[in-house]
1. Among the residues of segment 373-395, count how many are under 14 Å from D421 (Cα atoms) and small (G, A, S).
2. Has segment 103-110 got any residue that is surrounded by fewer than 16 Cβ atoms within 10 Å (Cβ to Cβ), touching a Phe, Trp or Tyr at 6+ places or on another chain (Cβ under 9 Å) and of a type outside the set (S, T, Y)?
3. State all residues of segment 600-616 that are touching a residue at least 40 places away in the same chain (Cβ under 8 Å), crowded, with 17+ Cβ neighbours inside 10 Å and more than 15 Å from T530 (Cα to Cα); if no residue qualifies, say none.
4. So which of A528, A513, A482 ends up being among the aliphatic types (A, V, I, L, M) and under 30 Å from L604 (Cβ atoms)?
5. Can you give me the number of residues within segment 263-273 that are crowded, with 18+ Cβ neighbours inside 10 Å and either part of a loop (DSSP other than H, G, I, E, B) or among the hydrophobic types (A, V, I, L, M, F, W, C) (or both)?
6. For segment 78-95, enumerate the residues that are more than 21 Å from P115 (Cβ to Cβ) and not charged (D, E, K, R).
7. Just checking, how many residues over segment 349-405 are under 16 Å from Q321 (Cβ atoms) and of a type in the set (G, A, S)?
Amino acid sequence: MDKSTVLRTSDANRLKMQSRRRLKDKLANATIGLGGISVILSIVLIFFYLLYEVWPLFSGAEFEPGKSAATTVPSLYLDADEYNESGIRIQADGRYDLIAAKTGAVISEHHLPLPTGATVSAIIKGPVLGGLVGVGLSNGEMLVVKPDYQSTFDEHNARTTTANLKFPYGEKALRIDVAGQPLRQFTLYGDEKKLIVLAHTAAGVEQIKFAKPVQESTESDGLSLDFDSEPAAEAAADNGLSETERTPLPFNGTTVNAVVYGQDGVWGYVVHDDTQLAVYSLRGEPTLSQELRITEPGVKVTAVNALQGNISLLIGDSRGQVAQWFPIRSGDGDSENFVMQKVRGIKLGESAITAIAPEIARKGFIAGDAKGVVSYFYTTSDRLIAQAQVATTPIRTLSLSRRSEGVLAQSDDAYSFWKLDSHHPDVSASALFTKVWYESYPKPDYTWQSSSANIDFESKLSMIPLSFGTLKAAVYAMILAAPLASLGAMYTSMFMAPALRRKVKPTIELMGALPTVILGFLAGLWLAPTIEANLPGIFSLLLLTPLGILLIGYLWSRMPLEKRSFADGWAPIILIGPILLIGYVCFTLSQPVEVLFFGGDVRLWLETQTGLNFDQRNALIVGLTMGFAVIPSIYSISEDALFAVPRHLPNGSLALGATQWQTLMRVVLPTASPGIFSALMIGLGRAIGETMIVLMATGNTAVMDWNIFEGMRTLSANLAVEMGEAEVASTHFRVLFLSALLLFVITFVLNTAAEIVRNRLRKKYGSL
């Protein structure tokens with residue numbers, strides 16, 4: 001083979017290799033590009049999925065018109081079942097109709113068992129959850145009725161709901177006004193054993209108590225309170241209640257607009273003379289607690305009702321406004337004095353409010369005005385949800401179905417049904433991110449409380465306490481982790497002996513492999529009780545350890561150079577013994593110090609002398625544990641960035657006469673600053689997103705206090721705690737997704753800011 005042939009073969013082989021290399025490069029570029037695009041696409045999809053789940057929270061609501069029917073006799077009472085299939089209406093002539101709620105069509109006609117010659121003078125609903133309805137009569141008596149709905153299913157699983165009107169205390173009317181004047185303004189509160197009525201009668205304002213007949217016991221002497229016995233049931237069918245007590249209340253008014261019971265009969269509210277509110281305390285002997293004006297000059301009260309739970313009083317006026325009032329504790333937190341406070345004024349229109357009806361299960365209400373407009377407002381979110389022109393004449397009677405999906409309205413001449421579509425009225429930007437004045441709170445506040453055993457519960461879904469808790473946990477963790485990790489990285493990269501560095505660095509990085517659930521478990525079950533039992537020792541340790549290290553360093557520097565040259569780069573080993581000794585002394589003397597200086601109880605001393613509450617699982621525990629978890633990440637990345645500084649830079653600095661410390665501060669740190677900053681941001685991001693440590697090492701109380709001895713609740717921990725209990729598609733469920741979205745946005749913003757700063761640092765110090 002001649003030389004030219006060899007060259008041609010070599011060129012051909014080289015071309016093949018180059019072609020293969022180009023193909024490999026293209027495949028690598030395509031793979032890397034596809035991987036990068038996939039990561040970006042995944043992040044975008046996560047964002048839009050979270051947004052998809054959150055978006056319905058802020059969607060509006062609307063009234064959808066249904067059927068209307070002309071009426072000759074206006075209804076004084078309307079009610080419908082939860083499916084808007086059947087309903088009940090009671091008319092002034094004593095007739096009550098069982099109707100199809102959506103059309104108003106009469107299914108059957110019935111008559112109330114009115115005494116001879118009596119007519120209906122007023123119909124008042126009691127607390128919405130009780131379901132009792134009082135029918136006031138023209139002769140001063142009252143019938144108590146209760147709507148009852150029964151659902152049945154046929155063989156095809158088709159539902160049929162039937163309505164009925166029950167008489168829980170018997171069909172015999174109760175005497176309320178002894179003088180026999182028409183009963184117009186009253187309220188009632190009761191259960192299966194008793195009934196309490198607060199009414200305006202000819203004698204003034206009176207509270208009348210009724211009870212079921214007491215049956216004589218056959219097993220022992222005296223009387224038995226067995227209200228479930230058959231004789232009692234038979235008595236109730238005929239005359240279920242007997243009057244036991246009649247108490248007059250001090251009243252100086254002339255005309256009465258409305259009488260309302262508040263908070264399980266604890267308060268009595270009498271709105272009178274179009275402008276005044278008399279507040280009665282009904283604990284024990286009834287007393288007049290407060291008398292105040294509730295309208296501005298020239299404005300009259302036109303409608304009154306209580307919000308669900310009967311804590312808040314809703315007062316509509318002639319200007320088209322509804323004011324929310326409720327009692328708050330006056331003075332210090334232990335005071336039993338309460339005063340009525342106007343919490344919010346709600347402008348619904350320009351016409352007088354003629355009717356107000358609360359929701360059955362939520363803190364919203366509907367209001368009708370003199371122009372036939374119905375408005376739906378939610379108090380917690382301070383949000384007007386929807387409005388609709390329901391009639392052309394004033395609204396006289398309003399009712400919401402049990403699921404708040406249907407509105408029944410009676411105007412002067414027509415009955416109408418409107419469908420209400422509103423799934424998350426209790427959420428608004430103000431309710432999530434600003435202070436809200438919740439029922440019974442002394443002032444507006446940020447609060448997270450998503451559930452309660454109380455059926456009158458008002459959901460409190462502020463994002464601020466959770467965001468604050470997330471920030472608090474991250475800050476305390478970074479206070480520990482950032483200086484220890486970054487300073488440790490500086491020492492190992494610049495001053496530590498290479499042989500020792502090869503052992504220390506993998507050991508610290510191995511710490512990062514510890515599952516956070518194990519760290520949280522140890523923090524909650526071992527570290528927290530240990531710190532609580534040795535609190536003086538812990539603070540002594542935090543104070544004396546750096547002082548001891550400085551002292552040993554000073555003494556070491558005073559030793560002759562020839563005696564300490566053997567330890568160049570191995571000096572940290574010398575500190576192990578003194579640090580262990582300091583720890584032993586601090587923990588040994590912890591109890592004597594607590595007895596000597598803090599009266600034997602440092603936690604009580606903190607509370608009484610400094611006002612700081614101490615929880616066993618607190619921010620200190622979280623800071624120590626989560627700092628321990630974050631240190632390996634910050635240390636490893638920082639150390640790699642410092643060690644990766646080109647050796648000619650520190651060598652040149654040392655050759656020019658600079659010390660190692662000067663070289664570190666003036667040359668190495670600026671060059672490695674982009675990597676160190678990235679390490680700190682990665683550590684901060686992990687601290688913000690940490691779940692298990694915060695979940696197990698703190699009490700998960702949503703408090704907003706920088707006190708290191710109190711806990712917090714973070715966004716991530718709240719998701720872990722409550723997501724499993726949240727009903728799918730509920731407000732609570734979507735708000736949890738909102739917290740996940742907020743956590744996503746916070747992390748994204750931090751990482752973006754970190755990347756911008758890192759690039760600027762790289763440009764600034766890249767030329768060194």
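The values are calculated or read from the model by the stated rules, or taken from the named source; none is laboratory data. Just so it is clear, the model here is predicted, and its values are computed rather than measured. All Cβ positions, glycine included, derive from the backbone under ideal geometry; neighbour counts span all protein chains shown.
1. Looking only at that region, the number is 3.
2. Checked segment 103-110: at least one residue is surrounded by fewer than 16 Cβ atoms within 10 Å (Cβ to Cβ), touching a Phe, Trp or Tyr at 6+ places or on another chain (Cβ under 9 Å) and of a type outside the set (S, T, Y).
3. L606, the sole residue that qualifies.
4. So the residue among A528, A513, A482 that is among the aliphatic types (A, V, I, L, M) and under 30 Å from L604 (Cβ atoms) is A528.
5. Matching residues across segment 263-273 total 5.
6. L78, A80, Y83, N84, S86, G87, I88
7. 8
Condition check ((1) modelled with pLDDT of 90 or more; (2) of a type in the set (A, V, I, L, M); (3) buried (at least 21 other Cβ atoms within 10 Å of the Cβ)) across all residues:
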{"site": "V299", "(1), (2), (3)": "yes, yes, no"}
{"site": "G320", "(1), (2), (3)": "yes, no, yes"}
{"site": "G333", "(1), (2), (3)": "no, no, no"}
{"site": "L348", "(1), (2), (3)": "yes, yes, yes"}
{"site": "D369", "(1), (2), (3)": "yes, no, yes"}
{"site": "F377", "(1), (2), (3)": "yes, no, yes"}
{"site": "D382", "(1), (2), (3)": "yes, no, no"}
